[in-house]
1. Evaluate the chain: find the radius of gyration of its Cα atoms, find its Kirkwood radius, and give the ratio Rg to Rh.
2. To the nearest 0.05, what FRET efficiency results for residue 109 and residue 45 with a Förster distance of 25 Å applied to their C-beta separation?
3. Calculate, for residue 17 and residue 65, the FRET efficiency according to 1/(1 + (r/R0)^6) with r their C-beta to C-beta distance and R0 30 Å; round to the nearest 0.05.
4. Relative contact order of the chain: what whole-number percent is it, with Cα pairs under 8 angstrom and at least 6 residues apart?
5. Can you pull the one-decimal nm distance between simple spin-label points at residue 55 and residue 100, each 7 Å off the Cα toward Cβ?
6. Could you sort the peptides 16-25, 88-97, 113-122, 50-59 by per-residue average Cβ neighbour count (10 Å cutoff), highest mean leading?
7. Residue 30 to residue 139: FRET efficiency via 1/(1 + (r/R0)^6), r the Cβ-Cβ distance, R0 30 Å, to the nearest 0.05?
8. Counting other C-beta atoms within 10 Å, which of 127, 10 has the fewest, and how do the rest follow?
Ligand code: CDP
Ligand code: MG
């Protein structure tokens, strides 16, 4: 398996409840290394562009409002097969369907307020990393 990088967001429901450290521990325990990290307040325009693929879905407005409701922590995670591994550690989108021990099973409040985002493929990982981090922030 190849060494990969993926993009992660610790979402507002989690930062608000002071769960940043608990979530990062899940990543690290799974062998994912945090190689870049910053806490930001997303703008509405950024949230709408980031989730543009979902713009026609009924939950789009609510999702964008949620993503700007509190600061988020954006991160780049590195490891063997990092994209799939992160999705595994996150658990299913709906916490009711998430496997025991996953971040969403333990921490998510609902299908919308589900604590974490993780890239779903190498192409989206590259786009999402570049959207939030400059080359100079990614030297590690
Ligand atoms: O985040 P993930 O890739 O697992 O799911 P997605 O299908 O790409 O949806 C993106 C985000 O939209 C989810 O993480 C939820 O926050 C939100 N969502 C929602 O509010 N209601 C749904 N029925 C599906 C997704
Ligand atoms: Mg997705």
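Nothing in this text is a laboratory measurement; each read-out follows from the coordinates by a stated rule. Bear in mind the structure is a predicted one, so any value in this text is a computation, not a measurement. Every residue, glycine as well, gets a Cβ built from its backbone with ideal geometry; the counts of neighbours run over all protein chains shown.
1. For the chain, the value is 0.93.
2. Rounded to the nearest 0.05, the efficiency is 0.45.
3. 0.95
4. Value for the chain: 37 percent.
5. For the pair residue 55/residue 100, the computed spacing is 4.3 nm.
6. 113-122, 88-97, 16-25, 50-59
7. E(calc), rounded to 0.05, equals 0.80.
8. Listed from fewest to most nearby Cβ atoms, that is 127, 10.
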